[in-house]
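Computed from the coordinates by the stated procedures, all read-outs in this text should not be read as laboratory data. Small disclaimer: the values here were computed from a predicted structure and weren't measured. All Cβ positions, glycine included, derive from the backbone under ideal geometry; neighbour counts span all protein chains shown.
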Amino acid sequence: MDPSAAILALAALAQPTRLDVYRLLVRHEPNGLAAGDLARELAVPHNTLSSHLSILTRADLVTSQRHGRSIVYRAKLPTLQAVTLFLLQDCCGGNPRLCASLIESIKPCCQPTDNPALEEEPMETSDRVFNVLFLCTGNTARSIIAESILRKEGRGRFRAFSAGSQPKGEVNPYALRVLERAEYPTGELRSKSWLEYASPDAPVMDFVFTVCDNAAGETCPVWPGQPMTAHWGIEDPAAVEGTDLDKEAAFVKVQRYLRNRIVAFCNLPLASIDRLALGTKLRDIGRMEGATMSHDKAS
């Protein structure tokens, strides 16, 4: 890498907001994020964000592409790789034994992803079963309901999982009640940590959806396989107070909202849609009826 290009990239990242923007985009590779989603996640005014994105783009750290009414931004990981290798190329005088631990620790993050197949090729679908993980904080209601609904509505094309960042260890009884009444499967449903799915021997996820705003704002584990992600936030039915009928009605409403999203997801043309367009569709599903206010502010 040319030293001037390395200096330009490092200078672009030497500012707190731009560093936060870039790290968030790296986290959301290969799907990218719309400008509105970036502004919402980082609580940055749109005009300020636009200026920072322009600087990152000039430094060849970020790329953008219009999809409908939104502009989706992606981190250019090959540039990050080039900068990292530029800094380390003379590490330890060229003796790999002296810096082996450093090289091993960054190796998973330094693989080029500027691959046209990620942007242009549809996902393989012939006889393939897709793994889908739903996340919330406690993994006791919304993510559990979503897991159960996809088990049935996916009709064998999807394998559903759920987990939480701070699992409560038990499934909400109202969730089980409304699922059973609607004839959705409840066997083997349990509250568990998302770390179960971040280990090397865990099922490799194709899609990861957060269904509560708290989980969306937390730093997730690094999922093997770089699954596509989206936020499908819905209000927590367990937070509703009142009579048993009031509480159950809240769970019924959440079940309806999640079923609408999951049916829309199952009907996506995975055999003919490219990954970037698919990412946009997944975010659009998250803005369907019942979306939390954070979605309403997104572009």
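Some values worked out for this structure:
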{"item": "Protection-proxy order for peptides 51-59, 2-10, each taking the mean of Cβ atoms within 10 Å per residue, highest first", "result": "51-59, 2-10"}
{"item": "Fewest-first sequence of I71, I145 by Cβ atoms within 10 Å of each Cβ", "result": "I71, I145"}
{"item": "Exposure proxy order (Cβ contacts within 10 Å, fewest to most) of S70, S64", "result": "S64, S70"}
{"item": "For region 203-282, the fraction of alpha-carbon pairs in successive 10 Å shells from zero, as %", "result": "15, 39, 31, 12, 2"}
{"item": "Viscosity 1.567 mPa s, 4 °C: Kirkwood-radius Stokes-Einstein D of region 1-95 over Cα pairs, µm²/s", "result": "93 µm²/s"}
{"item": "Region 152-299: projected area of the alpha-carbon convex hull, averaged over directions, in nm²", "result": "9.6 nm²"}
{"item": "Cα pair distances in region 141-238, grouped into 10 Å bins until the bin that holds the longest one, percent each", "result": "15, 49, 33, 3"}
{"item": "S162 long-range amide H proximity, modeled H, under 5 Å", "result": "F134"}
{"item": "For region 158-176 versus region 3-42, the gap between their alpha-carbon centres in whole angstrom", "result": "33 Å"}
